[in-house]
Amino acid sequence: MKILVTGAAGYIGSHTCRLLTETGYQVVGYDNLSRGHHIAFERATGGGTFVQGDLLDTALLRNTLKEKSIEAVVHFAALGLVGESVEYPQRYHRNNVEGSSSLLRAMQEAGVRRLVVSSTTAIYGQPEEMPIREDTPPAPINPYGQSKLDVEYLLQEACERDGLGFVALRYFNAAGASLDGMLGEAHEPETHLIPIVLQVALGQREQICIFGDDYPTPDGTCVRDYVHVNDLADAHLRALNTLNPGQRIQLNLGSGVGTSVLEIVEHARKVTGHDIPAEIGARRSGDPPWLIADNSRAKQILGWTPEYSSLDSILTSAWRWHQRHPQGYETT
Ligand code: UDP
């Protein structure tokens, strides 16, 4: 089956392209390369078909879907930084919401009616109830979360209007790297906890600043649900295999286990054998104290089990990637 993957050169996109290719799907990558790395897609697919283009270019998307005889789309392309979204909310609306709307139009025109989409825990905001279930009312607290919730509304409209079938996968904290150290996380600038902690271990930064230790959590630092990127890729594959036109499915993808910022730092010290100096800083605005997934629905509907999401597996694979690629994809 031929699949179009938007955001194919990004972190989760490239890992998913690799798994799809290994499973026998024919992958066509689509990415504007504003944040992604072409080499990541090449490594993932062994030089698969790639189209450099923007989501807002509806004509290019439509023509690609038609010319390549695409049967389903996996849609990752989006901006995903909370802090940046607060600073540039319009950019997030245009890229994420208008971009997805353009993709849906192109799919409708090309008669493609199956879509797997990345969504996020950020749509839930700061829920009282933990773990978070899919029917926890969405209440985003930043423009990024709002943009992804708006995308989910667009999907529901397209489902009712055009018979689109979709699976929206709401990721918790994506982490880790491919086990062979060939694909991994490379953002510029880097804002995520695990890559920053490992950059301290590599001597590229002096210390990690822990954003607040006065949260109502066991050790006072924020608790997150880290899920290995290989497990996310596996869920996309399963979603593609499950999905039929007209269906609408929303699923949480998390390990179901909460880990605090301090636990990450301590475990990274063990895995890397380095000190990793840490200082306590101010809270980062918009950070909820806890985010943990109830992942039972994904398990039930997709037959999915997170296999690689232990802290050890996440940190060991990420450490291998960072050691081999201290400057990201620039050092290959
Ligand atoms: N964090 C931190 N120091 C950093 C980066 C992140 O203490 O330099 C904390 C952040 O406050 C959050 C957790 O680590 O509680 C995970 O943050 P990240 O940015 O990796 O993912 P997010 O949860 O924002 O999606």
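Can you tell me the length gained on complete extension of the stretch GLU42 to ARG161, counting 0.36 nm per residue apart and subtracting the Cα distance?
39.2 nm
So what does the Cα-only Debye profile of region 47-109 read at q = 0.18 Å⁻¹, as log10 I(q)/I(0), no solvent term?
Log10 I(q)/I(0), no solvent term: -0.68.
How big is region 110-200 by the Kirkwood estimate over distinct Cα pairs, in Å?
15.6 Å
For the charge dipole of the chain, defined by +1 on Lys and Arg C-beta atoms and -1 on Asp and Glu C-beta atoms about the Cα centroid, which residue among ALA278, ALA59, GLN250 has the Cα displaced farthest towards the positive pole?
Sorting the options by dipole projection puts first ALA59.
Quick one: accessible area per residue over region 216-329, 1.4 Å probe, rounded to a whole number of Å²?
42 Å²
What residues qualify as long-range amide H neighbours of SER119, i.e. H under 5 Å apart, gap of 5 or more or another chain, H built at 1.01 Å from N?
So SER119 has HN proximity to LEU169, ARG170, TYR171.
For the chain, what proportion of DSSP beta bridges, expressed in % and rounded to the nearest 5, is antiparallel?
For the chain, the DSSP antiparallel bridge percentage is about 5.
Give me a comma-separated list of calculated 3J(HN,Hα) values for region 286-299, in order, Karplus coefficients 6.51, -1.76, 1.60 applied at θ = phi - 60°, integers in Hz, x for any Gly or Pro.
Calculated HN-Hα couplings, in order: x, 8, x, x, 10, 8, 9, 8, 8, 9, 5, 5, 4, 5 Hz.
Among the complete DSSP H segments of the chain, which ones combine at least 24 Å of alpha-carbon extent along their axis with a mean Kyte-Doolittle hydropathy of -1.0 or more?
143-162
Restricted to Cα positions, what overall size does the chain have along the principal axes? Three whole-Å values, descending.
55, 44, 38
Just round it to a whole percent: the fraction of Cα-Cα distances in region 226-332 exceeding 21 Å.
52 percent
Quick one: which residues, 5 or more positions from GLY125 or on another chain, have an amide H under 5 Å from its amide H? H modelled 1.01 Å from N in the peptide plane, none for Pro or chain starts.
Those lying under 5 Å, H to H, from GLY125 are ALA139, ILE141.
Over all alpha-carbon pairs of region 150-234, lay out the pair-distance distribution in 5 Å bins, whole %, shortest bin first.
For region 150-234, the binned pair fractions read 3, 11, 14, 16, 16, 14, 11, 8, 5, 3, 1 percent.
Once phi is turned into θ = phi - 60°, what whole-Hz ³J(HN,Hα) does the Karplus curve with 6.51, -1.76 and 1.60 give for every residue of region 123-135, x standing for Gly and Pro?
Values, residue by residue: 5, 7, x, 10, x, 6, 7, 10, x, 7, 9, 5, 8 Hz.
Per the 1.4 Å probe, what fraction of the accessible area of the chain, in percent, lies on carbon and sulfur atoms?
46 percent
Over region 55-197, average the accessible area per residue using a 1.4 Å probe and give it in Å², no decimals.
41 Å²
The values are calculated or read from the model by the stated rules, or taken from the named source; none is laboratory data. Every value quoted in this text rests on a predicted model; they were computed, and no experiment measured them. Methodologically, a virtual Cβ is constructed for each residue, glycine included, from the backbone with ideal geometry; neighbour enumeration extends over all protein chains shown. Only protein heavy atoms, including side chains, enter the accessible area calculation; ligands, DNA and RNA are left aside. Shrake-Rupley method; radii C 1.70, N 1.55, O 1.52, S 1.80 Å.
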